[in-house]
Amino acid sequence: MRDRDGVTALLTIDGLTKAYPGVVANDSVSFSVRAGEVHALLGENGAGKSTLVKMIYGLVKPDSGAMRLGDAAYTPANPQAARSAGVAMVFQHFSLFDALSVAENVALGMESPPKMRALSAQIRKVSEAYGLPLDPARTVGDLSAGERQRVEIIRCLLQDPKILIMDEPTSVLTPQEVEILFKTLRKLQSEGTAILYISHKLEEIRSLCDGATILRLGKVVGTCDPKTTSARDMAEAMVGSALHVPQASPSPKGAIKLEVTTLDLPAKAEFGTSLRDISFRVKAGEVLGIGGVAGNGQDELLAALSGEALSAPHAVKLGGTPVGQLGPNARRKIGILAAPEERLGHAAAPDMSLTENALLTGAIREKLTRNGFLKWRDTEAFARRIIAGFDVRTPGPDNAARALSGGNLQKFVIGREVLQNPEVLIVNQPTWGVDASAAAAIRQALLDLAASGAAIVCISQDLDELMEISDRFAALNEGRLSVPRPTRELTIDEIGLMMGGAGDMDVAAPEVLA
Amino acid sequence: MGSIDPLVLLAAIMMASTPILLAALGEMVVERAGVLNLGVEGMMITGAIVGFVAAYESGSPTLGFVTAALGGALISLLFGVLTQFLMSNQVATGLALTLFGLGLSSLIGQSYSGLRAPLTPDLHIPVLSDLPVVGRVLFQHDAMVYVALALVVGVWAFLKFTRAGLILRAVGESHDAAHALGYRVKLVRLCAIAFGGALAGLGGAYLSLVRVPSWTDGMTAGAGWIALALVVFASWKAFRVLAGAYLFGGISVLQLNLQAAGSKVPADLLSMSPFLATILVLVIISARKKGATAAPAMLGRVFHASQ
């Protein structure tokens with residue numbers, strides 16, 4: 001097989017189609033990847049990228065179409081077959097086992113691993129050769145997100161893959177860690193490994209990839225050379241329409257609304273993070289952006305602010321009143337609202353209707369109960385206002401929260417809090433897994449709310465988002481918060497340093513643990 | 001208490017502990033694979049009756065134990081198919097299995113009540129069995145006592161050193177990750193469930209063939225539940241299961257002897273002492289080293305490959 005440049009293609013995808021009940025995930029998708037090429041797969045959520053790579057990795061069988069690897073037909077029956085053919089994959093949600101050691105995790109991803117001791121030596125050797133030091137004896141549950149990803153990458157590298165598939169590899173990394181990853185990938189590329197790279201981050205794709213295939217609703221809608229195409233053009237090709245960029249109207253900053261002083265909170269869960277000595281203030285009309293790599297205390301901070309976790313009374317103050325000992329409902333009553341990261345199960349009850357979910361946080365401020373009885377009509381009206389105001393696409397408020405797509409449910413969850421006119425709104429990952437146009441709408445809603453005089457704390461791992469909407473920026477690192485600084489003055493390198501960088505990971509402890 | 005012979009007592013402990021040791025060890029493997037099977041009691045009593053019937057009809061205790069293991073495995077596969085393929089709730093299905101096993105054994109055992117099982121011979125190991133004191137306490141038991149001990153070592157080594165053991169632990173730790181890597185989660189779990197059923201069956205048969213040795217309705221009398229509790233308190237570790245089982249067996253034998261010797265302590269208090277002591281000791285062990293969090297992360301969770 002020869003591709004458009006007349007160079008032999010390593011992997012050729014020809015007309016792959018996969019349909020699930022009610023949706024065609026991939027509709028006759030074709031493209032090819034050369035040896036030593038970094039090829040990007042672009043597309044919004046639901047465009048079919050994950051299904052496509054799962055077919056290449058043997059996890060899903062295509063309904064029709066063919067794949068070729070080198071000169072031979074390639075029809076992997078299962079991941080084992082894919083791995084022995086030379087296809088390796090790094091998963092978006094890591095396929096790791098928290099309670100097992102690094103070496104055991106690596107062994108589970110190999111066909112015929114050597115003895116544990118030999119494998120440990122091999123892990124050390126390969127990980128250092130690629131600049132990703134790892135201690136094979138450590139328990140994976142104790143590793144940082146960056147280190148966990150190293151485990152996955154090393155697992156792939158030990159099998160000398162011809163093709164490495166990477167699904168959203170940088171979403172959990174600091175900028176410095178991303179640099180290390182890119183160095184590794186470029187080294188692999190120079191050794192002739194083809195890399196299939198899935199990401200939302202267009203600037204990364206522009207700096208790393210040689211070719212790109214753009215998917216929309218399961219179909220290939222175009223190809224481009226990322227080095228010469230602007231990020232905006234690629235984004236519009238993905239979405240299929242012009243993008244709306246959120247605009248902040250500069251609002252005069254008012255009095256201090258939320259004040260957190262030396263907040264300490266020991267970790268509750270086994271792999272949780274303790275909050276240490278956190279202090280910051282947010283004024284009316286201001287957006288404070290809090291960045292940081294996942295697992296550095298984001299969930300715990302949200303819980304401490306929303307009232308799910310109680311703290312010393314004076315550690316959290318609203319307009320000068322201590323609220324540290326108030327629970328979530330008491331805080332809602334005085335105007336502190338929150339939208340947590342996990343949509344299903346934390347922000348919304350999956351099997352309850354949107355009306356019921358609207359009631360769950362809105363009952364107090366929207367006065368949806370009387371003498372302990374529910375006011376269903378008012379509640380439904382409230383749910384309808386959210387649906388209309390935030391363009392939530394659903395047949396109606398009787399639908400279960402679970403039935404909504406991620407983006408639509410997120411709009412509902414954010415809208416539910418925004419419409420209650422909070423004094424302070426705390427959001428965690430407000431646009432996680434949401435497509436570009438819905439994300440823009442959510443960000444605009446947050447900016448509008450700030451303009452109307454609320455104080456907003458936006459916790460997010462998406463640095464672009466924080467740069468776009470926050471007035472000041474601070475980073476969480478192992479439960480500590482850096483001093484907030486005006487966002488406009490910051491460079492991406494400074495942000496990386498605030499997030500803890502990758503400096504301490506570079507020299508992973510070399511001593512052997514028994 | 002002069003009437004209690006300490007040597008007889010020590011020797012009796014090994015026998016008394018073997019049924020729950022076997023059942024708890026099997027359940028531990030099941031739970032390490034991420035499955036919570038509350039039907040241990042039902043599988044034990046099924047093993048007790050089918051083992052008894054086979055041994056009585058054939059006159060061979062060996063055949064009895066083999067049949068008990070097969071019977072336990074077979075009835076556990078009922079649980080396996082329901083929970084793994086038909087996605088039924090593991091807690092409810094396990095409870096149902098216990099009730100089903102109790103009823104089924106009662107039905108099969110109707111005409112076997114009060115009969116005596118053929119004798120299971122004690123081993124005589126040259127030299128070792130003839131040692132003074134130690135020989136009588138440790139080396140003059142029937143083969144199943146040693147099979148149970150060998151199984152403890154075997155299970156420990158299997159989980160720690162073999163690839164199959166690693167895969168089993170991986171499945172119990174994160175079935176989604178194991179599936180993504182291409183392991184057959186349901187098959188692994190089904191094998192673990194069958195193994196757990198076989199061991200519970202052996203434990204039951206040990207009751208009806210050696211310890212009692214005859215068939216009475218409901219003769220397991222909660223031993224399966226003790227085995228379940230042991231697994232949790234032993235933090236899913238094979239040698240702690242062994243320690244817990246021997247502790248429980250030891251105090252059971254001791255309190256029986258005390259009752260027989262006419263102790264002044266009320267019999268009711270003595271009867272509950274094994275339960276109290278076992279729970280107490282194991283709680284202390286597991287509290288000390290954050291043992292409660294050693295549970296397999298997927299314990300009791302339904303796996304559904306959502307591709």
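Coordinate-derived values only; no laboratory data. Here the structure is a predicted model, which is why all the values come from computation and not from measurement. Cβ sites come from the backbone with ideal geometry, for glycine too, and all protein chains shown count toward neighbours.
The protein assembly as shown: percent of C-alpha pairs farther apart than 44 Å?
In whole percent, the share of Cα-Cα pairs in the protein assembly as shown beyond 44 Å is 41.
What is the Cα centroid distance between the stretch B:146-211 and the stretch B:65-119, reported in whole angstrom?
18
Count the net charge of all other residues whose Cβ sits under 11 Å from the Cβ of A:L404, scoring Lys and Arg as +1 and Asp and Glu as -1.
Computed value for this residue: +4.
Can you list residues whose amide H is under 5 Å from A:K257's amide H, if they're 5+ apart or on another chain and H is modeled 1.01 Å from N?
A:V282, A:K283, A:A284
Where does the charge balance sit around A:V24 when Lys and Arg score +1, Asp and Glu -1, over other residues with C-beta under 10 Å from its C-beta?
0
Given only helices, namely DSSP H runs of n ≥ 4 each adding -39500 (n - 2.57), what is the per-residue ellipticity at 222 nm of chain B, to the nearest 500 deg cm²/dmol?
-22500 deg cm²/dmol
For A:K257, which aspartates and glutamates qualify as cross-link partners when the Cα separation must be under 16 Å and same-chain residues fewer than eight apart are set aside?
Straight-distance partners of A:K257: A:E286, A:E423, A:D471.
What does the charge dipole of chain B about its Cα centre add up to, to the nearest 20 debye, if the Cβ of each Lys and Arg holds +1 and the Cβ of each Asp and Glu holds -1?
The dipole magnitude comes to about 940 debye.
If you keep only loop residues by DSSP, which GluC sites (Glu not before Pro) in the stretch A:270-322 have at most 14 other Cβ atoms within 10 Å of their Cβ?
For GluC sites (Glu not before Pro) across the stretch A:270-322 that sit outside H, G, I, E and B with at most 14 neighbouring Cβ atoms in 10 Å, the list reads A:E270.
Please list 3J(HN,Hα) in residue order for the stretch A:298-315, calculated via the Karplus relation 6.51 cos²θ - 1.76 cosθ + 1.60 where θ = phi - 60°; whole Hz, with x for glycine and proline.
After applying 6.51 cos²θ - 1.76 cosθ + 1.60, I find 4, 5, 5, 5, 4, 5, 5, 7, 7, x, 5, 10, 8, 9, 4, x, 8, 5 Hz.
For peptide B:182-192, how many partner chain Cβ atoms fall within 10 Å of a residue's Cβ, on average?
2
A:K201: which lysines have alpha carbons under 27 Å from its alpha carbon, excluding same-chain residues fewer than 8 sequence positions away?
Hits, sequence-local ones excluded: A:K18, A:K49, A:K54, A:K162, A:K183, A:K187, A:K219, A:K227, A:K411.
Can you give the mean number of other chain Cβ atoms that lie within 10 Å of the Cβ atoms in peptide B:175-181?
Mean shielding count: 6.
Take every residue in peptide A:96-102, count the Cβ atoms of other chains within 10 Å of its Cβ, and give the average of those counts.
5
So what J values fall out for the stretch B:184-189 if you push phi through Karplus, 6.51 cos²θ - 1.76 cosθ + 1.60 with θ = phi - 60°, rounded to Hz, Gly and Pro as x?
Per residue, the Karplus-derived 3J(HN,Hα) values read 8, 4, 5, 5, 4, 5 Hz.
Compute the distance from the alpha-carbon center of the stretch A:388-419 to that of the stretch B:34-60, in whole Å.
The two parts, judged by their Cα centres, are 54 Å apart.
How large is the helix-only mean residue ellipticity at 222 nm for chain A, computed as the sum of -39500 (n - 2.57) over DSSP H runs with n ≥ 4, divided by its residue count, in deg cm²/dmol to the nearest 500?
Dividing the helical sum by the residues of chain A leaves -9500 deg cm²/dmol.
Calculate how many DSSP beta bridges within the protein assembly as shown are antiparallel, expressed in % of all such bridges and rounded to the nearest 5.
Once the DSSP bridges in the protein assembly as shown are tallied, antiparallel ones form about 55 percent.
Amide H to amide H, which residues 5 or more places from A:R216 or on other chains are under 5 Å from it, using H placed in the peptide plane?
Result for A:R216 returns A:V221.
Using Cα positions and a limit of under 21 Å, work out the lysines in reach of A:K268, with same-chain residues fewer than 8 apart set aside.
The reachable lysines, counting only those whose Cα sits under 21 Å from A:K268, are B:K289, B:K290.
Have a look at A:T394, A:A439, A:P226 and report the one farthest towards the positive end of the charge dipole of chain A, computed about the Cα centre with Cβ charges (Lys/Arg +1, Asp/Glu -1).
Value: A:T394.
Through the Karplus equation 6.51 cos²θ - 1.76 cosθ + 1.60, θ set to phi - 60°, convert the phi angles of the stretch B:273-282 into ³J(HN,Hα) values in whole Hz; use x for Gly and Pro.
4, x, 5, 4, 5, 4, 4, 4, 4, 5
Can you list the residues, at least 5 places off or on another chain, whose amide H is less than 5 Å from the amide H of B:D142, using H built in the peptide plane?
It is B:L123, by chain and number.
If you place +1 on the Cβ of every Lys and Arg, -1 on the Cβ of every Asp and Glu, and leave all else neutral, what size is the dipole of chain A about its Cα centre, to the nearest 20 Debye?
920
Starting with the highest mean, order A:422-432, A:391-401 by the number of other Cβ atoms within 10 Å, averaged over the residues of each peptide.
Ranking, from highest mean packing down: A:422-432, A:391-401.
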